[in-house]
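The values are calculated or read from the model by the stated rules, or taken from the named source; none is laboratory data. Note that the structure is predicted; figures quoted are calculated from it, not measured. Using ideal geometry, Cβ is built from the backbone for each residue, glycine included, and neighbour counts are taken over all protein chains shown. All accessible areas refer to the heavy atoms of the entire protein, side chains included, with ligands and DNA or RNA removed. Shrake-Rupley method; radii C 1.70, N 1.55, O 1.52, S 1.80 Å.
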Amino acid sequence: MSAMLLQIIWLLRGQVAVWAHRPYVSGKCQKQPPSLILLTSNRGKCPGSLHKECSFLESAFRHATELDMLIDIFSGNQTLTEKEAQELVQITRRFDQHNILTPTKRKLLLDTVIMFAGEDKKLQRDEFEGMTKVIGSFSGADKSLSEEEAKTMFDIVKKFDFDGNGWLDGEELKELEALLKLFAGKKSKQDEELNAHEIKDMEEVIDLFDGKENRLTKPRFDRMLNITNIFKKEALRMTERSVLLSTLRYFAGPNRDMGECEANDLLELVGLMKGEDGILDAEEANTMLTEIIKLFDTDNNGVLDEEERKLLLKMVQYFAGDDKNMEETDLIDMKKVIDLFDEKHEFDIMVEAVNVFDHNGDGKLKKEERDNLLLTLQYFAGEVKQIDNNVKEHDPEENADLEDHELQEHDPEENSELEDHELQEMNLVVGYFDGVDNKLSTEEALIMLEVLNMFDGDRNQKFDDVERDDVVKTTRFFAGVDGKIDKDEIADMKKVIGFFSGEDKILQKEEATSMLTTIELFDSDGNGSLDDQERTILVQSCRYFAGDDQSLDPRELSDMTEVFSYCDGEDGWLNMEKAQAAVDIIDLFDSDKSGGLSDEERGHVTKTFKFFAGEDKKLDASELKDMAAITKLFGHKDKDLASAVVHHIVKGNIKHPVAQNHQNRLSVTEAREMMEILEYFDLDLNEAFDDKERDALLTMAKSFAGEDEKLSQEEINEMRKVIKFFLHGDNVRSKAKAHDLLRDMLTHVSVGQYNES
């Protein structure tokens, strides 16, 4: 364009004097009444001092209507001063990269200026300076904006229009500047430009907080700034930005929205993780991300859904403890728990398991609660079973049937985690001990761990499958029908374990197997749990047969099993009425009332029960009645007790006979004499009475006992003489002949027709 033509153009514009003001609304220019005095002087030509600016603007805008709008916004009093014109040119040059101001960039320029001009649509000094600073943050080293940079800048700027009125007020501009400074990293005050990576990261952070309206609100911005500030000390470095972004992505969830709940959860987590300075250093932030947050992304999709987020926070709260500070030891303990679970497990099950150990329900584990949890998990996670994974190659024939999944079961890494059945069994056992509130108190946890320790035969604090199975079965038995182990049941369980565990009080596998076999014997209904009566009889029986050392050796256990096998009912299960009667009879043989039978006393018990059980080896009511009666006749001082037993048997009510607090029982001598007499009546020497032998024995003893129903020493001696007279030599080897002799003897005894000869 020639100089003459340019002067004509400016002259014409000056003579027109007033241009129509066309405000920018939704990207369209609308005609308004003339109101703008142009760049001309009164002489109607471009002042020489502004000639350069006028030329640049004419070249850049090519008479575009955007220029009219910009002039209006930059002019203070309808006329552009030289300074205002220079400022307009300055801003335009920032958008005029490579002297190309495309229609898109012209629009972005105008939109940006309008956003900073405020409600009066006049660019004030502070607004201009703020806009210049913001543009400078995005324009890079060449101080000019590409079309992409300009668009990114405007998209970010308009998100700070908190109230959506189309412009930034002073507070909104201040918040924008603060965020830009934060993401500019540690740079000089004169050099706060954002590089491409910083801009990209900032844009993503804003996107995570801008909500459905695609615009920040003041509360959302405050949340964003609060969280961002925690990840830096002065400004965000690349590493800090990376951790911040990754953390926000996880917490924003699948909807990519850092709402109030998500932000509050993250702030609480950060509050538990940050050090005393209140700021997450790089190491703390990275630990939080890699060693905690990522572990709860159970589906590995790079985000936490609401359930995963809540579970994460719950676990960190538990292990941070009362001081709400996640120290290194707390993190180590939490990871130990998490490491026991794999993708096959839902973490909510893990949290439920942890929750049981939080006795007061405050969401925090005290040190002793955490220790109890860890030890319990360790027991049930079991041993790491190792196998040579090349075993098939070493011996193909021997291991041909060994499947890959069987080899995998023995993989050390795989077995370091809680399997489904291990977790289920742990929950069962914990549930037996955790009381009616379903929370383990410290006392309950310690009792449980004491019991668990009794099953740890190799003392490695890790159960193998057999040990774990033994624990589950035993605790289930003693928990009873309500599934909760009370103090009495715990005491009885410990006593029974003690009878089988030997001097070290630790059950080896063989001992545990013997114990469970015995317990099952007393589970009269086969329901896998002991009611009060079953448990009481079990404990009493074990105590009697364990002897003075209160430890059941194989012989004692064999005798006890034999005695109570005689008490089975028709269904093959132990009949509790018979078992109770048996216990009360056994008690009469405990001559010193020590609670345990000596070897001789145990022998007398076993042999007596065997005699009276008969050839079918089953004690019926009449046999129990006769056994109690004969014991009464020989015991000098236990008349009341024996009578009570007989009374309850006769009445058919032998569940609760009065067999306590009686100090008198068979002495060893009396028991020996009784055993001698019993043997006389075993006519065929099969150690089992038939009905006639048992009846003859009882009739004979009663006849000699007299009216006081007690056999004195003199009466026993007389009875022995008579028995020997009638029952001797080969006469008794014939069953029929023996029965004839019994009848003959009893006939003579009944009429008093016998003498020493």
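Residue check, K274 against (1) open to solvent by 50 Å² or more (accessible area, probe 1.4 Å); (2) of a type outside the set (S, T, N, Q); (3) within 23 Å of E203 (Cβ to Cβ), all met but one. Which one?
K274 satisfies every listed condition except (3).
Just give me the residues in segment 522-556 being under 19 Å from G603 (Cα atoms) and either of a type in the set (A, V, I, L, M) or not in a helix (DSSP H, G or I) (or both), in sequence order.
The answer is A546, G547, D548, D549, Q550, S551, L552, D553.
Looking only at segment 407-441, which residues are within 21 Å of V472 (Cβ to Cβ), among the polar types (S, T, N, Q) and at pLDDT 85 or above?
Correct list: Q424, N427, N438.
Name the pairs: first residue in segment 463-474 and without any contact (Cβ under 8 Å) to a residue 60 or more places away in the chain, second residue basic (K, R) and open to solvent by 10 Å² or more (accessible area, probe 1.4 Å), Cβ to Cβ under 7 Å, at least 6 apart or on different chains?
V466/K509
Restricting attention to segment 156-175, report how many residues are in contact with a Lys or Arg (Cβ under 9 Å, 6 or more places away or on another chain) and not in a loop (DSSP other than H, G, I, E, B).
Number satisfying all stated conditions: 4.
Within the group D458, D532, D525, D482, which residue is out of contact with any Gly (no Cβ under 7 Å at 6 or more places or on another chain), farther than 19 Å from V356 by Cβ, open to solvent by 20 Å² or more (accessible area, probe 1.4 Å) and without any contact (Cβ under 8 Å) to a residue 24 or more places away in the chain?
D458
Would you please name the residue that is surrounded by the most Cβ atoms within 10 Å (Cβ to Cβ), looking only at residues in segment 707-718 that are in contact with a helix residue (DSSP H, G or I) (Cβ under 7 Å, 6 or more places away or on another chain) and closer than 19 Å to A628 by Cβ?
Looking at the filtered set, the residue picked out is L711.
Take E562 and decide whether it is open to solvent by 20 Å² or more (accessible area, probe 1.4 Å) and in contact (Cβ under 8 Å) with a residue 12 or more places away in the chain.
When the stated conditions are applied, E562 passes them.
Just name the residue that is modelled with the lowest pLDDT out of those in segment 115-151 that are among the polar types (S, T, N, Q) and buried (at least 19 other Cβ atoms within 10 Å of the Cβ).
For segment 115-151, the residue satisfying everything is S139.
Report yes if V303 is open to solvent by less than 40 Å² (accessible area, probe 1.4 Å) and modelled with pLDDT of 90 or more, otherwise no.
yes
What number goes with the only condition from (1) of a type in the set (A, V, I, L, M, F, W, C); (2) surrounded by 14 or more Cβ atoms within 10 Å (Cβ to Cβ); (3) over 46 Å from the mean Cα position of the chain (by Cα) that A184 does not pass?
Unmet condition: (3).
Looking at K274, K314, K366 in this structure, which one is farther than 30 Å from T217 by Cα and of a type outside the set (S, T, N, Q)?
K366
Does at least one position in segment 538-546 carry a residue that is in contact (Cβ under 8 Å) with a residue 12 or more places away in the chain, within 13 Å of K618 (Cβ to Cβ) and charged (D, E, K, R)?
Checked against the condition, which is being in contact (Cβ under 8 Å) with a residue 12 or more places away in the chain, within 13 Å of K618 (Cβ to Cβ) and charged (D, E, K, R), segment 538-546 yields no hits at all.
Considering each of D590, D584 in turn, give the residue that is touching a residue at least 60 places away in the same chain (Cβ under 8 Å), assigned to a loop (DSSP other than H, G, I, E, B) and either within 28 Å of S551 (Cβ to Cβ) or touching a strand residue (DSSP E or B) at 6+ places or on another chain (Cβ under 7 Å) (or both).
D590 is the lone residue from the list that is touching a residue at least 60 places away in the same chain (Cβ under 8 Å), assigned to a loop (DSSP other than H, G, I, E, B) and either within 28 Å of S551 (Cβ to Cβ) or touching a strand residue (DSSP E or B) at 6+ places or on another chain (Cβ under 7 Å) (or both).
With under 18 Å from L374 (Cβ atoms), open to solvent by less than 50 Å² (accessible area, probe 1.4 Å) and assigned to a loop (DSSP other than H, G, I, E, B) as the only criterion, which of M334, M315, M350, M326 stands out?
M326
For segment 596-636, how many residues meet the condition of being open to solvent by 60 Å² or more (accessible area, probe 1.4 Å) and in a loop (DSSP other than H, G, I, E, B)?
Residues that pass the stated criteria total 6.
Could you tell me whether any residue of segment 101-112 is assigned to a loop (DSSP other than H, G, I, E, B) and under 57 Å from the mean Cα position of the chain (by Cα)?
No, segment 101-112 contains no residue that is assigned to a loop (DSSP other than H, G, I, E, B) and under 57 Å from the mean Cα position of the chain (by Cα).
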